[in-house]
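Peer 1: Below are the structure tokens for one structure; questions will follow.
Taken together, the values in this text are just the output of simple stated rules run on the coordinates, not laboratory data. Computed from a predicted model, the values in this text were never measured in an experiment. We place every Cβ from the backbone using ideal geometry, glycine too, and count neighbours over all the protein chains shown.
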Amino acid sequence: MAIEREEFGSRIGFILAAAGSAVGIGNLVGFPVNAAKNGGGAFLLIYALFIALVCLPVMLAELAAGRNSRKNPLGAYKHFAPGSRRWFIAGWSSLITPFMISVFYAVITLWLLGYLVEILSGNLSSLAQPEYFGEFINSKQVFLYLALIIGGTGLILLGGVQKGIEKAAKLMMPTLFIVLLILVGFGLTRDNAMAGVAFYLIPDLSKITPSVINGALGQAFFSLSLGMGIMITYGSYMSSKASIPHSAKMVAITDTAVAFVAGLLILPAIFSFNPEVDPAELSSSSVGLVFSYLPKIFLGLQSSAGYFAASAVAAAFFTLVLFAAITSLVSIIEVPVSAVMDELGQSRKQSLLTLGGGIIVLTLFCALSFGMVDFFTDFIPYGGDTRSFFDLVIDVFYETILPLNGFLICILVCYRWKRSNMNEELYIGDESFRGSFMERYIDFALGTFIPAILLLVFINTVLLKFFTIDMIALLF
Ligand code: TRP
């Protein structure tokens, strides 16, 4: 007899776990800075529209497909398209993607831990030195932090859905909200904070170009953990009493709210550090901002608040980002874990051991990509430059393939499983969805313009990243 599938213990447990997956480094740093650079309030509005009109329907489709099949993504593809070779390949893509994301995300997470430890040891001033980051990522310490991150994440996953994933989310997410609000209060009371808020919120329509719109959509899509197989997997652990539409809305709102509120911390902090700052010159990459730029900003607080308070704020911030990263890492590794359990009939522990080896080896390849080993550092040339193994993994699996996976899931759900069957699944636990405006909108959009948009974003990114052809610039 098959073992009964694990389930989330409560509705709030699911929402926190899924929001924990969605909220990551990007929400806390990348999003606010990109919003501020690319039109402020106007960007925020476009982003919110994309979340509601494009991303939320895809999230419903993933969750419904997961709960109906009670399977990991590969299992779900096989369930809805039995015997089809093509869909089998699509299923594999939605499995390899999270596996590879987990590999480089583990590296970023271990850096966060390393920085937090340094701050707590009183070394904030060294972190603010320009050469620190480059030295840190090539130091022997990374192996220790790597072991801690992989071990800690493994332990959470070993606890299972309720006692591991859900429990960790229930502990970490509320802590994250509270610490974030305290830091926002601190940020908003700095000198010149309001200049930062104004820059963040006042709309600047002249900055809204086709490529900014394209970027906003990409960011919205990846921020909600879509195309990563996570929502299919977490959906498969949802109880049939829970309302998928309601839970999905809560997850989308939480993710967006955290990103928005983080801006009320980051921009005031930047502007109070340097009232003359030209945000257009800030890096767009979350990694650059977190590890090279923000330590300087935090250290700058010492002039008004003293070194101790500056370190305390920095430590609180890095704890926040670390928690956000761990809950994302947990969710992304759970996808292949559930696949090995379902498809090979292994126990959770066996499955973790099977995958752990592979993840550790590939994570090491990434960690060695910054100069420690030439082979991984100068791994492959494309897009006019030589890229490292770490760059390649990010470019392919984080920045390119997600919209394609999203496109495939829309097509699978609408044309294999059929929308009417998806709707039946969505009524379970939520009769009010029947005949609602949302249902009618999704009925129309999920099989038509949503996949079309996702496919365009995918094609555009491939051309731009790997062939340096800017389709948008050619067209507009
Ligand atoms: N919002 C995340 C971030 O900001 C992106 C993300 C969503 C993610 N789900 C994830 C990252 C799962 C890693 C694993 O970083």
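Peer 1: Please report, in debye to the nearest 20, how large the charge dipole of region 57-166 is about its Cα centre when each Lys and Arg carries +1 at its beta carbon and each Asp and Glu carries -1 there. Don't skip to the end; give the middle numbers.
Peer 2: On the way: 8 positive and 5 negative charges, 172 e Å.
With only Lys, Arg, Asp and Glu charged at Cβ, the dipole is about 820 debye.
Peer 1: Could you sort 294-300, 446-452 so that the peptide with the highest average Cβ count within 10 Å comes first and the rest follow in order? If you can, show how the numbers build up before the last one.
Peer 2: On the way: 294-300: 21.3, 446-452: 17.3.
Packing order, densest peptide first, comes out as 294-300, 446-452.
Peer 1: With a ≥ b ≥ c taken as the square roots of the eigenvalues of the C-alpha gyration tensor of region 155-231, please select rounded if a/c is under 1.5 and otherwise prolate if a/b is larger than b/c or oblate if it is not? Before the final figure, lay out the partial values.
Peer 2: Details: a/c = 5.59, a/b = 1.39, b/c = 4.03.
Here region 155-231 falls in the oblate category.
Peer 1: Another question, if that's okay. Dipole of the chain, Cα-centred, from +1 at each Lys and Arg C-beta and -1 at each Asp and Glu C-beta, to the nearest 20 debye?
Peer 2: Values: 27 positive and 30 negative charges, 252 e Å.
The dipole magnitude comes to about 1220 debye.
Peer 1: Let me ask you something else. Which ordering of Ile119, Ile360 is given by a fewest-first count of other beta-carbon atoms within 10 Å? Intermediate values should be presented prior to the final figure.
Peer 2: On the way: Ile119 24, Ile360 16.
Ranked by crowding around the Cβ, least crowded first: Ile360, Ile119.
Peer 1: Cα-based Rg (one decimal) and Dmax (whole number) for region 350-450, in Å?
Peer 2: Final numbers for Rg and Dmax: 21.2, 59 Å.
Peer 1: Considering all projection directions equally, how large on average is the shadow of the alpha-carbon convex hull of region 45-173, in square nanometres? Display every interim value, and only then the final one.
Peer 2: Values: hull surface 48.2 nm².
The directionally averaged projection comes out at 12.0 nm².
Peer 1: Using a/c under 1.5 as the rounded threshold, could you call region 236-342 rounded, prolate or oblate? The axes a ≥ b ≥ c are square roots of the C-alpha gyration tensor eigenvalues, and prolate needs a/b larger than b/c, oblate otherwise. Each step should come with its number before you reach the end.
Peer 2: Working: a/c = 2.61, a/b = 2.19, b/c = 1.19.
Prolate, because a/c is 1.5 or more and a/b exceeds b/c.
Peer 1: Here is a follow-up. Count the lysine pairs in the chain that are 8 or more places apart or on different chains: how many have C-alpha atoms under 26 angstrom apart?
Peer 2: Lysine pairs satisfying the spacing and distance rule in the chain number 27.
Peer 1: Let me ask something additional. In whole angstrom, how far apart do the alpha carbon centroids of region 396-440 and region 281-349 sit?
Peer 2: 30 Å
Peer 1: While we're here: Decide, for region 280-328, between rounded, prolate and oblate: order the square roots of the alpha carbon gyration tensor eigenvalues as a ≥ b ≥ c, take rounded if a/c falls under 1.5, and otherwise choose prolate if a/b is larger than b/c, else oblate.
Peer 2: Numbers: a/c = 3.69, a/b = 1.23, b/c = 3.00.
Oblate, since a/c reaches 1.5 and b/c is not below a/b.
Peer 1: Among Asp391, Asp342, rank each residue by its count of other Cβ atoms within 10 Å, from fewest to most, as a rough exposure measure.
Peer 2: Starting with the residue having the fewest Cβ neighbours, the order is Asp391, Asp342.
Peer 1: Residues in region 173-214, backbone N under 18 Å from the label point at Ala473 (7 Å along the Cα-to-beta-carbon vector): list them, ranges by number please.
Peer 2: Of the residues in region 173-214, 207-214 have backbone N under 18 Å from the label point off Ala473.
Peer 1: For every other residue with a beta carbon closer than 10 angstrom to the beta carbon of Leu158, add +1 if it is Lys or Arg and -1 if Asp or Glu, then tell me the sum. Display every interim value, and only then the final one.
Peer 2: Numbers: positive: Lys163, Arg348, Lys349; negative: none.
Spelling it out: positives minus negatives among the neighbours equals +3.
Peer 1: Ok, one more. If I model a spin label at Ala280 and Val361 as a point 7 Å from the Cα along the Cα→Cβ vector, what separation in nanometres do I get?
Peer 2: Computed distance between label sites Ala280 and Val361 equals 4.8 nm.
Peer 1: Still on this model: Give me Rg/Rg_expected for region 355-408, where Rg uses Cα atoms only and Rg_expected = 2.2 N^0.38 Å with N residues. If you can, show how the numbers build up before the last one.
Peer 2: Details: Rg = 12.7 Å, N = 54, 2.2 N^0.38 = 10.0 Å.
Taking N as the residue count of region 355-408, the ratio is 1.27.
Peer 1: Same structure again: Over region 286-381, what number does the Rg to Rh ratio reach, with both radii from the alpha-carbon atoms and Rh per Kirkwood?
Peer 2: On the way: Rg = 19.2 Å, Rh = 16.7 Å.
Taking Rg over the Kirkwood Rh, I get 1.15.
Peer 1: How large are Rg and Dmax for region 11-372 when calculated on the C-alpha trace, in angstrom?
Peer 2: That works out to 20.4, 66 Å for Rg and Dmax.
Peer 1: Points 7 angstrom from Cα along the Cβ direction at Asn138 and Leu171: gap in nanometres?
Peer 2: If labels sit at Asn138 and Leu171, their model points lie 3.7 nm apart.
Peer 1: HN-Hα J couplings of region 415-431 from phi, Karplus 6.51/-1.76/1.60, θ = phi - 60°, integer Hz, Gly and Pro as x?
Peer 2: So the Karplus estimates, Gly and Pro as x, are 10, 9, 6, 5, 4, 4, 5, 4, 4, 4, 5, 6, 5, 5, x, 7, 4 Hz.
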